[in-house]
Amino acid sequence: MTAGAPTLAETLTIYVARQLRDDDVGFTGMVNGDASAMFGSAIPLAAMYHAQLTHAPNLTLLLAGWLTNPDISKLETMPDSEFMASLRDLDADALINAYPAQYRLRRGDITVGFSNGAQVDAYGNMNSVCIGPHDHPKVRLVGPIFQTEHLAFFGREIIMMPHHDWRNFVEKVDFVSAVGYPGGVAGRRELGLDVGSGPALVITPLCVFDFDLESGRMRVKSVHDGVDPAEVRASTGFELGDLSDVPVTPAPGPADLEILRTRVDPRGIMLSNANPGEAR
Amino acid sequence: MTAGAPTLAETLTIYVARQLRDDDVGFTGMVNGDASAMFGSAIPLAAMYHAQLTHAPNLTLLLAGWLTNPDISKLETMPDSEFMASLRDLDADALINAYPAQYRLRRGDITVGFSNGAQVDAYGNMNSVCIGPHDHPKVRLVGPIFQTEHLAFFGREIIMMPHHDWRNFVEKVDFVSAVGYPGGVAGRRELGLDVGSGPALVITPLCVFDFDLESGRMRVKSVHDGVDPAEVRASTGFELGDLSDVPVTPAPGPADLEILRTRVDPRGIMLSNANPGEAR
Amino acid sequence: MTEKPAIKSKLISLSDAVSQIADGSHIAIGGAALHMHPMAFMRELVRQRKRDLTVLGEIQGVEVDLLAGAGALRRVESSGVGLERYGLARNFRRAVEHGEVVMADYSDTMAMDRIVAKGENLTFWPVSFIGGTDIPRYLPDLVEFDCPITGRKLYAMPPARVDVAVIHMPYADERGNVLITERRLMPQSQDLVYARAADRTYVTVEHIVSHDFIRRSPQLNHLPAFQVTGVIEAPWGAHPGSMPDFYDYDEGHMEEYVEASKTPEAFDVYLERFVRDAGDEATYLERVGIRNLLKARKVVL
Amino acid sequence: MTEKPAIKSKLISLSDAVSQIADGSHIAIGGAALHMHPMAFMRELVRQRKRDLTVLGEIQGVEVDLLAGAGALRRVESSGVGLERYGLARNFRRAVEHGEVVMADYSDTMAMDRIVAKGENLTFWPVSFIGGTDIPRYLPDLVEFDCPITGRKLYAMPPARVDVAVIHMPYADERGNVLITERRLMPQSQDLVYARAADRTYVTVEHIVSHDFIRRSPQLNHLPAFQVTGVIEAPWGAHPGSMPDFYDYDEGHMEEYVEASKTPEAFDVYLERFVRDAGDEATYLERVGIRNLLKARKVVL
């Protein structure tokens, strides 16, 4: 069970867990599709639950905003929707059955969130609305959904991108459905957005990005073990600057890995896909 | 049980019941104090329930906005508060346990309401805030409570005044906490208030008033059996005009009275006070 | 004694309810993605060949896709349309890409707040958080204004037009009281917002129950009769989507649906077989097949 | 492996909780009239001689009257203060008539909406229905403006300042999860609005229960721990008012209270005996007397 080198999913789960604080209130929705579900739901859920079991027992896990501190380890299958009775009936602290939900969205109750989008641009703006012009889109996508609020109201947003490709890491998104740092932190302030919110990290199958808060531009913070920085550059549609000193994304230690494998995901239903970066 | 001439409370209950339509949604709170409770709660509740048993079976009775169609006849004592567990547990269609409540206040879900106040003036304005100037009141009263909304949003408001005295029927109230017809219906419209709402009747221990919608002034619609119109005039602090042709408030028929005594208030807990007009 | 009228029954047939929906109506539809949508009502809208409908809500799914594939749809006002594990809603996507359907893009909160504003009869709702997005660019009815208190730039969002709400619920009595079981899911709470915002509200239910059944649990009666226009008994009414406490979504039928939605021609065949030619819901369920239904019914409670 | 910190307990003593309340605080207090107020907390505010408090809520009662009678109150922002069958709140009335306490008069809906606006972090709330009343005349922070959509005259009402919320609830665990029984009364739902609007929220409860007790009924956990600053076990914490499922209001003690409130001198004697000299809640309940408590406890469930 605990043998074997960490998979990328495991490495990223522990990496994300280490970003979490004991006083965090973390929010993730349930995303579908193999790679999307891994990046959008499984890694965030497993990371928050791992953090609760280790350094952040008081972290609050808000599943889709309506299930508080569910016991993720009791999941028998990975839910493919956030609206299923199997989630509703999961052992949890609170089941919110009212609209609006209990957490105070606009007050910043959520201190860390997870989201993804079809496109993200150099300034962390996101797009899940359309490819091509809005009036005659080449591809009509889902819509803004809760992405707008994620980047406007949540504390640190961790953007989980299941695919890393120059077509979805673009200089400018075709439709801004959620706002990063156009003009940096000062630009956010001018737009009336909370400067304590916005994207903190972007995590892909190849690397981790963070942001230069002055310029607002995304920059490579680390590349994953075995990834050539040149591949990151080739897969990214905007300028990344000098990548020669970029470190490797830290690997999980054996203790963290053991907890992950035996207590967070004992049935192997969340992180079992050994290579979530199918687009790589 | 069914012998005996109608009491004033019984007469007024049946009178109010006859104002009610099959498609009405009626709202009353629970008011305290002997005469106030009789006028403010017992008569409206009994009237709505009587209407449900007779000509208006589809009328919706909303007790304090949070209990829908309670079986009033099952009450073992008359509740002296709208926040009591004995009301909460009364046999009913719906118990609203959310804020805001289910009914759509500002949309006019409530088509008929009941309220009272310390003062009411010639234009149907009401006051439950203070006697004397607001900054240094002679008497500090309760506050605007829900009175403002009653007269702004409910359809026909029936103001139930337990005391009829020149000190509480005044030319102008000391503090307008709810608006009648200043400047008539046109005046209401100018104030941005719905012209389909506002006070329809004012019922006292002496008489029934309605309104001249053009001038907005209150006028005597009927005097109760045995009341001298001169007593109404002497007890009213504003001009009432010619009262020589004013009819007598109609008496209930024996069938209505029997239903009231045997099915609406079988324990005699609602309308048992023979003379609710203690201030008379 | 006055002649006593009867207690009104709000129970009507599916076809009578749908016949009361005018072409061009703005309809808030309950449910989310693959779940709890009033699908029986949707199919009857298709059977009666309704046109130019505007659908609104938050997180639309198979219900909008069905209407789009049947050519019943003109406009969607929502935060999204998708089929979860089945990906993009293909009929919807095609209709928007071909300019046949217009999508008005709101964020989740905006999509709900404009419906809340309608229900509360507010003249507008203040939106503070869309500066820098392209959302206002395509919503010409938003008006920029300065907050009267803080001077901050805000958008005034008008209340939504909601002619009709249609939601699918577990239980109702004939009078129109609607009961939801104790552990309700967020979309069911949102359905109540739609129901209270609309000018007329139709509720399809899995079971019509007695009035006494309702009165035993008044704290679960979330939509009292006076707020309901009509109730319709529609067993399996959310199929092929899920209905909590009753059935999960029907994987077998959804695969058939999604496959058909890949081309307009295939989807027309689907519609003919399962909706138009089927003629009613009993025949629809017959053609879906009892084996699919039994499989979907195996939910863990 | 990182060192594992402990699960935080939010359980604190009544005196420690009250010591965290600064003079001059703006406090939203739960309950209504005679019911469900956090009275134990009020008594401790008096014991610790807090001053210049502003109380806000909707339908205040004996809790405001007690603070007024103890000289702890500067201002009330609410739709009303009253004692139901016991009439006007005499200490409050006297304090307002003597200019010692200022009452800011809001209608019920306004009183709630400004607290909702605080919780939702809205910069203002639009009020449409107070034209012709004297309400805006005495609320100088309301600003008239024209609806950006309809041009209609409206008032912008700023969000309330809510430094602290204090509510009394049936159950909580040590972590701060708060459980209300299934049939909750409207004031309990309003308490949740206060709790979510405040910068800090203290919850007194009849019983501290296990974390597992909460997890058996997550649908009744209406205030998850992350929204709670501190929980305090306070049996009979709403006394002399009522607490549904536990006790009715105490008629015997209320009569004594109301009689005492008729003069400042008599009320000072009351305060000395039941609050200040009593020193803590156990002594308060001892002096109230077990016979009064047992009588109030006879509620029909």
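Regarding D:R114, is this residue among the basic types (K, R), more than 17 Å from the chain's Cα centre (by Cα) and not in a loop (DSSP other than H, G, I, E, B)?
The answer is no for D:R114.
Take A:P44 and tell me if it is buried (at least 19 other Cβ atoms within 10 Å of the Cβ), in a loop (DSSP other than H, G, I, E, B) and touching a residue at least 60 places away in the same chain (Cβ under 8 Å).
no
Can you list the helices (runs of 4 or more DSSP H) found entirely within region C:187-301 that contain at least 1 residues being within 13 Å of another protein chain (Cβ to nearest Cβ)?
Working: elements: C:211-216, C:251-260, C:264-271, C:281-288, C:290-297.
Output list reads C:211-216, C:251-260, C:290-297.
I'd like the residue in region C:75-115 that is charged (D, E, K, R) and within 7 Å of chain A (Cβ to nearest Cβ) and, out of all such residues, is surrounded by the most Cβ atoms within 10 Å (Cβ to Cβ). Please lay out each step first, then the result.
Filtering region C:75-115 for residues charged (D, E, K, R) gives C:75, C:77, C:84-85, C:90, C:93-94, C:97, C:100, C:105, C:108, C:113-114.
Pick out the ones that are also within 7 Å of chain A (Cβ to nearest Cβ) and you get C:84-85, C:93, C:97, C:105, C:108.
Values: C:E84: 24, C:R85: 19, C:R93: 24, C:E97: 16, C:D105: 29, C:D108: 23.
Going through the qualifying residues, I end up with C:D105.
Quick check on region C:57-78. Is at least one of its residues touching a residue at least 40 places away in the same chain (Cβ under 8 Å) and among the hydroxyl-bearing types (S, T, Y)?
no
Can you find, within region A:233-249, the residue that is surrounded by the most Cβ atoms within 10 Å (Cβ to Cβ) among those that are under 14 Å from A:H164 (Cα atoms) and among the small types (G, A, S)?
This residue is A:S235.
Do we have C:R47 as free of Cβ contacts under 8 Å to residues at least 60 places away in the same chain, more than 11 Å from chain A (Cβ to nearest Cβ) and either surrounded by fewer than 24 Cβ atoms within 10 Å (Cβ to Cβ) or touching a Ser or Thr at 6+ places or on another chain (Cβ under 9 Å) (or both) here? Walk me through it before giving the result.
Values: free of Cβ contacts under 8 Å to residues at least 60 places away in the same chain: no; more than 11 Å from chain A (Cβ to nearest Cβ): yes; either surrounded by fewer than 24 Cβ atoms within 10 Å (Cβ to Cβ) or touching a Ser or Thr at 6+ places or on another chain (Cβ under 9 Å) (or both): yes.
When the stated conditions are applied, C:R47 does not pass them.
Testing C:E144 on (1) more than 9 Å from every other protein chain (Cβ to nearest Cβ); (2) in a strand (DSSP E or B); (3) farther than 22 Å from C:L67 by Cα, one condition comes back false. Which one is that?
All conditions pass for C:E144, except number (1).
Look through C:A17, C:A40, C:A32, C:A28 and report the one residue that is touching an Asp or Glu at 6+ places or on another chain (Cβ under 6 Å) and modelled with pLDDT of 95 or more.
C:A40
Run D:K118 past the list (1) touching a helix residue (DSSP H, G or I) at 6+ places or on another chain (Cβ under 7 Å); (2) over 28 Å from B:M30 (Cβ atoms); (3) within 8 Å of chain B (Cβ to nearest Cβ) and report the number of the one that doesn't hold.
(3)
For residues that are more than 10 Å from chain C (Cβ to nearest Cβ) and either closer than 30 Å to B:L87 by Cα or not in a strand (DSSP E or B) (or both), tally how many sit in region D:152-180. Break it down into steps so the answer makes sense when it comes.
At the first step, the residues of region D:152-180 found to be more than 10 Å from chain C (Cβ to nearest Cβ) are D:153, D:160-180.
Next, only the ones that are either closer than 30 Å to B:L87 by Cα or not in a strand (DSSP E or B) (or both) stay: D:160-163, D:165-180.
Adding up the residues that qualify gives 20.
Scan D:A296, D:A234, D:A197, D:A225 and give me the residue that is modelled with pLDDT under 95 and in contact with a strand residue (DSSP E or B) (Cβ under 9 Å, 6 or more places away or on another chain). Write out each step before concluding.
On the way: D:A234 fails: modelled with pLDDT under 95; D:A197 fails: modelled with pLDDT under 95; D:A225 fails: modelled with pLDDT under 95.
None of the others qualify; the one that does is D:A296.
In region A:97-216, which strands (runs of 3 or more DSSP E) lie fully inside it and hold 2 or more residues that are within 14 Å of chain C (Cβ to nearest Cβ) and either modelled with pLDDT of 95 or more or under 15 Å from the mean Cα position of the chain (by Cα) (or both)?
By residue number, A:112-115, A:119-121.
How about region C:50-74: which of its residues are away from every other protein chain (no Cβ under 12 Å), on the phi > 0 side of the Ramachandran plot and small (G, A, S)?
C:G71
Taking region B:73-83 as the region of interest, how many residues are more than 14 Å from chain C (Cβ to nearest Cβ) and touching a Leu at 6+ places or on another chain (Cβ under 8 Å)?
5
If I filter region A:1-41 down to residues being at pLDDT 95 or above and out of contact with any Leu (no Cβ under 8 Å at 6 or more places or on another chain), which single residue comes out as nearest to A:S115 (Cα to Cα)?
Checked region A:1-41; the qualifying residue nearest to A:S115 (Cα to Cα) is A:V16.
The values are calculated or read from the model by the stated rules, or taken from the named source; none is laboratory data. These numbers were taken from a predicted model, which means no experiment stands behind them. Backbone-built Cβ (ideal geometry, glycine too); neighbour counts: all protein chains shown.
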